[in-house]
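All remarks here apply to the structure that follows.
The values are calculated or read from the model by the stated rules, or taken from the named source; none is laboratory data. Not measured: the values here are computed from a predicted model. Glycine also receives a Cβ, built like all others from the backbone with ideal geometry; neighbour counts cover every protein chain displayed.
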Amino acid sequence: MGPSEKSLNVISRLPPNAKYFLECIYSLGSVGHFLMDYYLFKKDDIKLLQEFGRKNQWVLVNEYFRTMFIFLKKDISLASLNFNPNDFPEKQNLDGHVSIKNIIITPTKILKEDEEETSNNRAFRRLGTENISQIKFRDEDGSWFPRDQTLLKTKMYDRLINGLTISGRIYHDFGCSSSLFRESGTYFYQAWHQENIVDIINEWAIFKKEPAAKVSARVGLYFSSATEINMKLRNNEIGQLDDIVSPPPRHDHDPPQYTFSDGIGIIDIAFAREIQKQLDLDQLPSAFQFRCLGYKGMVAIDPYNKNLVSNGGQYVVMFRDSQKKFESIRENEIDFEVIKYSSPAPLKLHRSFIALLVALARDQGKLYVVEKRLHELFSSAFLEIIESLFDEKAFTKVLNRLPKHFPMDKLYPEELIQQEFLRTVVEANAVNLGKQLNNKCQIPLPETLGRSCLGVMDETGLLGPNQVYIQYTNDIRSKSPNPLTTVRCGLVGVTKSPMYHMGDIRYLEAVNIPKLKHHIDVIVFSQHGHRPIPDQIGGGDLDGDCYSVFWDPIFLLDHSEPAHFPSPDSSELSKVSINELHHSHAEFRMKYMELNNLQQISNLHTCHITLHHPEHQEVKNLAEKADVAVNSFKSGIFSKPILPAEKPVFFPSFMNKRHEPMFDSDHVLDEIHQRCKRMYLMLQITHNEKSKQRASKEKKFVEASPFSKDLYERYCNELNLLKIKYNIQTEAELFAGVTLDPPGSFNSFKCANKNEEETSSLVQEALRMIIGKFRTLILDKFHGSWRNDMHQKKQNLTTYVLPSYQVPQEMKALWKEFYDLANTEGPALERF
């Protein structure tokens, strides 16, 4: 069914953004066509839109069609025709994010979706977002696109080569970050010809001729999610450092030359403090992952280098050649963008970690004590979950760890557990922790026995071979600018994900070097030895890899020889220039979709390692394949296919392969899984029953002012829209920052979308803005000078509380009405 003749007449005069949302409505089929014609012509909204157009208020036209699309998506059955654009909140961009049109291409259709909040990046800032669309290739159910050559050719390759018409304009493939590439997505840019995009890229940088995968990955650095730092750099403020390398080989049997400083540079402490101030961080990070010009990787604070500004030099940052990926065309004002920064973080064990640790223990006759310790840690983790549901101190401790949207510290701790809404939030968090234990065997280590941290290099040269420096913040949640810290001395274990070899767990000597005391919550590696420690751990480097560091005495074993990770031979791959990249990369993407088998290899490796020793030939073969597959997206080289003999007939039950035959074994992962499965199901059922009881409470009539009712309804409406957008079932999940499975479900189907951490961060930022918006409305109404008071107290909208003597009676009455409304009409959220 196509648009009516009247609708076509309207469409032809609309701006591109409005056309896009109109196409979104029509993509929903006859329901969308009916509602559009009903409101435009029967309800005569066409006159309202024409009035907006005469006043050049095209944003209002866009919002009209966008909100109608959201209205339909909310209930496609069209149970009500009561569409009112004013019922939908004004669109607001989240901090650090931009709205990008989102289009999903499946084997049978093209789905136009609402704009998606996406982290900002260099490319978006340079191009603007008006002419960019995010394209994702998916199967009909939202899972990965089928590996069918015909479908890949007709639905993916042809689109990448010929472009896509959106709202009457042609869009072409521009590029994407590595993470979006692995999610089977890319960004299209509005241009008449693909050559226009080539011209834009050539204005940005000069790229060497390399295999298509590598050139595309280099272009993709412009799409890395990053925060732009307000303070700009100049060319003369960026210095160069020599890489620190091992001696070159002189004989065939000599080891290859290694780069100890691979991916790491230095930053002036004054500039680091500027970044700290802009990011509103309590503590000064020791290191930052960044993007700047054609450089990527990490920079660490260095208080000794005489070339830095604070030490009398001229440079603000200094990079190394190993960090340079392309030649950027320099500008007078240079952007420095931060991707992440060092901070205190806990450590959780996981399946591969545990499996390799157990293999090491078995070889050294320590299997019993290691397995016993793993069971102890699991019991401790689950006991902590259960205690949070009835113990006041444990309950408050959990609340302090969850996202904060109101000043929790201003409330009486002994009363928190009595608040029904807060109980639902802690319950949802408990079920989610049980889910992580059940699905991924994520067992937390005590914060005094392990940490997760970024890796940097010792610029002083004082650390010897196989030595590291580790200073960590005692209290992970400390808000103090100068928190108490501890320097770990003695044996430590170090590893990182992914891990496939026993040698990926290294045991090193942690020492105290006073000249390295400026490094906190990072692991400092030595620049000495025959081979860099990061390279011994899964072929890692220092460009942003996160390392797991632990010193639980039971887990401190003897390590195996490290595996070797030679760079795959790419000599037979064709090298292309930017001008040739378009076709070459489309071919590579199609090949990647067909041949990428990293996930299958990782699953098979986990299965085999619980049955065989890591040195068993089948396990070693899978590990070698994984080493190649993990970098296929940027190397262009694929691992060998999985052999039939490498596919097990039965899978261990802890892998939750409910669609495959499974078996129980005596491996500790299976033993923990069996214990966890029962406890997790108990948590799910209990939470579900409690939710039903709360929902079945009898509603009572509440007398409230029109202002209170209107404000309350608007607040609930915005929260409901947020839940619908991100498929969140309850307000408890929303505030706890989790998404739960229904009772009895142990491994829910995963759509191929953004990772959970990124999505949770997005949701919490949106929730923060909603709460801030309504807090501001109420404070403005009852206490106009609150902003000055808040700034004088150096607080923010989340932590600020009016002094009790300044709270007027009308404001107290509003609180009482809100509380009563929430306890009778609304969801659990407002009951607090």
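Scan segment 225-247 for residues that are in a loop (DSSP other than H, G, I, E, B) and either more than 30 Å from SER570 (Cβ to Cβ) or in contact (Cβ under 8 Å) with a residue 12 or more places away in the chain (or both) and report the count. Let's see the steps before the verdict.
Keep residues of segment 225-247 that are in a loop (DSSP other than H, G, I, E, B), which gives 225-226, 229-232, 234, 242-244, 246-247.
Checking the rest, the ones that are also either more than 30 Å from SER570 (Cβ to Cβ) or in contact (Cβ under 8 Å) with a residue 12 or more places away in the chain (or both) come to 225-226, 229-232, 234, 242-244, 246.
Qualifying residue count for the region: 11.
Please determine whether any residue of segment 504-525 is in a strand (DSSP E or B), within 22 Å of LYS620 (Cα to Cα) and touching a helix residue (DSSP H, G or I) at 6+ places or on another chain (Cβ under 9 Å).
yes
Just the residues that are out of contact with any Ser or Thr (no Cβ under 8 Å at 6 or more places or on another chain) and either closer than 28 Å to GLU817 by Cα or surrounded by 12 or more Cβ atoms within 10 Å (Cβ to Cβ) (or both), please, taken from segment 661-674.
Hits for segment 661-674 are VAL668, GLU671, ILE672.
Looking at segment 332-349, I want the residues that are touching a residue at least 24 places away in the same chain (Cβ under 8 Å) and more than 22 Å from THR486 (Cα to Cα) and have a partner that is among the small types (Gly, Ala, Ser) and in a loop (DSSP other than H, G, I, E, B) with Cβ atoms under 8 Å, at least 6 apart or on another chain. Which pairs are those?
What qualifies is GLU337/SER224; GLU337/ALA226; VAL338/ALA226; ILE339/SER224; ILE339/SER225; ILE339/ALA226; ILE339/GLY544; LYS340/GLY544.
Would you please list the contacts, defined by Cβ atoms under 6 Å and residues six or more apart or on different chains, that run from a residue in segment 402-419 that is outside the structural domain of GLU757 (by TED's automatic domain parsing) to a residue that is among the small types (Gly, Ala, Ser) and in a loop (DSSP other than H, G, I, E, B)?
If the second residue must be among the small types (Gly, Ala, Ser) and in a loop (DSSP other than H, G, I, E, B), the pairs left are PRO403/GLY737.
Can you confirm whether PHE378 is out of contact with any Gly (no Cβ under 6 Å at 6 or more places or on another chain), surrounded by fewer than 21 Cβ atoms within 10 Å (Cβ to Cβ) and either not acidic (Asp, Glu) or not in a loop (DSSP other than H, G, I, E, B) (or both)? Before the answer, list the steps.
Numbers: out of contact with any Gly (no Cβ under 6 Å at 6 or more places or on another chain): yes; surrounded by fewer than 21 Cβ atoms within 10 Å (Cβ to Cβ): no; either not acidic (Asp, Glu) or not in a loop (DSSP other than H, G, I, E, B) (or both): yes.
No; evaluated as a whole, the condition is false for this residue.
Going through segment 92-108 one residue at a time, which ones are closer than 28 Å to ASP141 by Cβ and of a type in the set (A, V, I, L, M)?
Result: ILE100, ILE103, ILE104, ILE105.
Tell me which of these GLY239 doesn't satisfy, since it passes every other one: (1) closer than 24 Å to ASN17 by Cα; (2) assigned by TED's automatic domain parsing to the domain that holds PHE336.
If we test GLY239 against (1) closer than 24 Å to ASN17 by Cα; (2) assigned by TED's automatic domain parsing to the domain that holds PHE336, just (1) comes out false.
If you go through segment 146-165 one residue at a time, how many are part of a helix (DSSP H, G or I) and either in contact (Cβ under 8 Å) with a residue 40 or more places away in the chain or surrounded by 19 or more Cβ atoms within 10 Å (Cβ to Cβ) (or both)?
Of the residues in segment 146-165, 10 are part of a helix (DSSP H, G or I) and either in contact (Cβ under 8 Å) with a residue 40 or more places away in the chain or surrounded by 19 or more Cβ atoms within 10 Å (Cβ to Cβ) (or both).
For segment 618-637, which positions are aliphatic (A, V, I, L, M) and not in a helix (DSSP H, G or I)?
Pass one, segment 618-637, residues aliphatic (A, V, I, L, M): 619, 622-623, 626, 628-630, 637.
If the condition is that a residue be aliphatic (A, V, I, L, M) and not in a helix (DSSP H, G or I), then VAL630, ILE637 are the ones that fit.
Within segment 166-194, track down each residue that is in a strand (DSSP E or B) and crowded, with 19+ Cβ neighbours inside 10 Å.
Within segment 166-194, the first condition is being in a strand (DSSP E or B), and the residues that meet it are 166, 169-175, 185-190.
If the condition is that a residue be in a strand (DSSP E or B) and crowded, with 19+ Cβ neighbours inside 10 Å, then ILE166, TYR171, HIS172, ASP173, PHE174, GLY175, GLY185, THR186, TYR187, PHE188, TYR189, GLN190 are the ones that fit.
Which one of these does ALA205 not meet: (1) more than 30 Å from TRP144 (Cα to Cα); (2) out of contact with any Gly (no Cβ under 8 Å at 6 or more places or on another chain)?
(2) is the only condition that ALA205 fails.
Hey, could you check segment 435-477 for residues that are hydroxyl-bearing (Ser, Thr, Tyr) and part of a strand (DSSP E or B) and say which is farthest from PHE319 (Cα to Cα)?
THR473
Just name the residue that is surrounded by the most Cβ atoms within 10 Å (Cβ to Cβ) out of those in segment 199-224 that are polar (S, T, N, Q) and not in a loop (DSSP other than H, G, I, E, B). Spell out the reasoning first.
Restricting attention to segment 199-224, the residues satisfying the condition of being polar (S, T, N, Q) are 202, 216, 224.
With not in a loop (DSSP other than H, G, I, E, B) added as a condition, the list becomes 202, 216.
On the way: ASN202: 14, SER216: 27.
Top of the filtered list is SER216.
When you check LYS404 against the structure, is it surrounded by fewer than 16 Cβ atoms within 10 Å (Cβ to Cβ) and outside any helix (DSSP H, G or I), yes or no? So that I can check it myself, show each step before the final result.
Working: surrounded by fewer than 16 Cβ atoms within 10 Å (Cβ to Cβ): yes; outside any helix (DSSP H, G or I): yes.
Here the answer is yes, as LYS404 does meet what is asked.
Could you identify the single residue in LEU437, LEU422, LEU389 that is of a type in the set (A, V, I, L, M) and either in the same structural domain as PRO303 (by TED's automatic domain parsing) or surrounded by fewer than 22 Cβ atoms within 10 Å (Cβ to Cβ) (or both)?
Of the residues listed, the single one that is of a type in the set (A, V, I, L, M) and either in the same structural domain as PRO303 (by TED's automatic domain parsing) or surrounded by fewer than 22 Cβ atoms within 10 Å (Cβ to Cβ) (or both) is LEU389.
Could you say which residue among ASN656, ASN717 is touching a helix residue (DSSP H, G or I) at 6+ places or on another chain (Cβ under 9 Å) and surrounded by 15 or more Cβ atoms within 10 Å (Cβ to Cβ)?
Of ASN656, ASN717, the one residue that is touching a helix residue (DSSP H, G or I) at 6+ places or on another chain (Cβ under 9 Å) and surrounded by 15 or more Cβ atoms within 10 Å (Cβ to Cβ) is ASN656.
Looking at PRO465, PRO532, which is the one that is crowded, with 23+ Cβ neighbours inside 10 Å, more than 28 Å from the chain's Cα centre (by Cα), farther than 29 Å from GLU376 by Cβ and at pLDDT 95 or above?
Answer to the check: PRO532.
Just to be sure before I move on: is ASP710 among the acidic types (Asp, Glu), part of a helix (DSSP H, G or I), more than 24 Å from the chain's Cα centre (by Cα) and modelled with pLDDT of 90 or more in the structure I sent?
No: the conditions fail for ASP710.
Mind listing just one residue for me: the one in segment 535-562 that is surrounded by fewer than 20 Cβ atoms within 10 Å (Cβ to Cβ) and among the aliphatic types (A, V, I, L, M) and, of those, nearest to PRO444 (Cα to Cα)?
By that ranking, first place goes to ILE554.
Give me the residue from segment 10-56 that is closer than 19 Å to ILE170 by Cβ and polar (S, T, N, Q) and, out of that set, surrounded by the fewest Cβ atoms within 10 Å (Cβ to Cβ).
The extreme case among them is SER12.
Filter segment 327-362 down to the residues that are assigned to a helix (DSSP H, G or I) and surrounded by 16 or more Cβ atoms within 10 Å (Cβ to Cβ) and list them by number. Step through it out loud before you land on a result.
Of segment 327-362, the ones assigned to a helix (DSSP H, G or I) are 351-362.
Across segment 327-362, the qualifying residues are ARG351, SER352, PHE353, ILE354, ALA355, LEU356, LEU357, VAL358, ALA359, LEU360, ALA361.
Taking segment 652-681 only, how many residues are on the phi < 0 side of the Ramachandran plot and either of a type in the set (Lys, Arg) or assigned to a loop (DSSP other than H, G, I, E, B) (or both)?
Residues meeting the conditions: 12.
Quick test of your reading of the structure: ILE724 fulfils all but one of (1) more than 24 Å from GLY142 (Cβ to Cβ); (2) touching a residue at least 40 places away in the same chain (Cβ under 8 Å); (3) out of contact with any Gly (no Cβ under 9 Å at 6 or more places or on another chain). Name the failing condition by number.
The one condition ILE724 does not meet is (1).
Using the structure shown, decide if GLY297 is on the phi > 0 side of the Ramachandran plot and either crowded, with 21+ Cβ neighbours inside 10 Å or over 30 Å from the mean Cα position of the chain (by Cα) (or both).
Details: on the phi > 0 side of the Ramachandran plot: yes; either crowded, with 21+ Cβ neighbours inside 10 Å or over 30 Å from the mean Cα position of the chain (by Cα) (or both): yes.
For GLY297, the condition - on the phi > 0 side of the Ramachandran plot and either crowded, with 21+ Cβ neighbours inside 10 Å or over 30 Å from the mean Cα position of the chain (by Cα) (or both) - is met.
Residues GLU228, GLU274: which one is within 23 Å of the chain's Cα centre (by Cα), of a type in the set (D, E, K, R) and surrounded by 14 or more Cβ atoms within 10 Å (Cβ to Cβ)?
Only one candidate qualifies: GLU228.
Does segment 689-706 include one or more residues that are touching a residue at least 60 places away in the same chain (Cβ under 8 Å) and within 27 Å of HIS350 (Cα to Cα)?
Within segment 689-706, not a single residue is touching a residue at least 60 places away in the same chain (Cβ under 8 Å) and within 27 Å of HIS350 (Cα to Cα).
Here is a check on your reading of the model: is LYS640 under 31 Å from the mean Cα position of the chain (by Cα), modelled with pLDDT of 90 or more and assigned to a loop (DSSP other than H, G, I, E, B)?
Judged against the criteria, LYS640 is a match.
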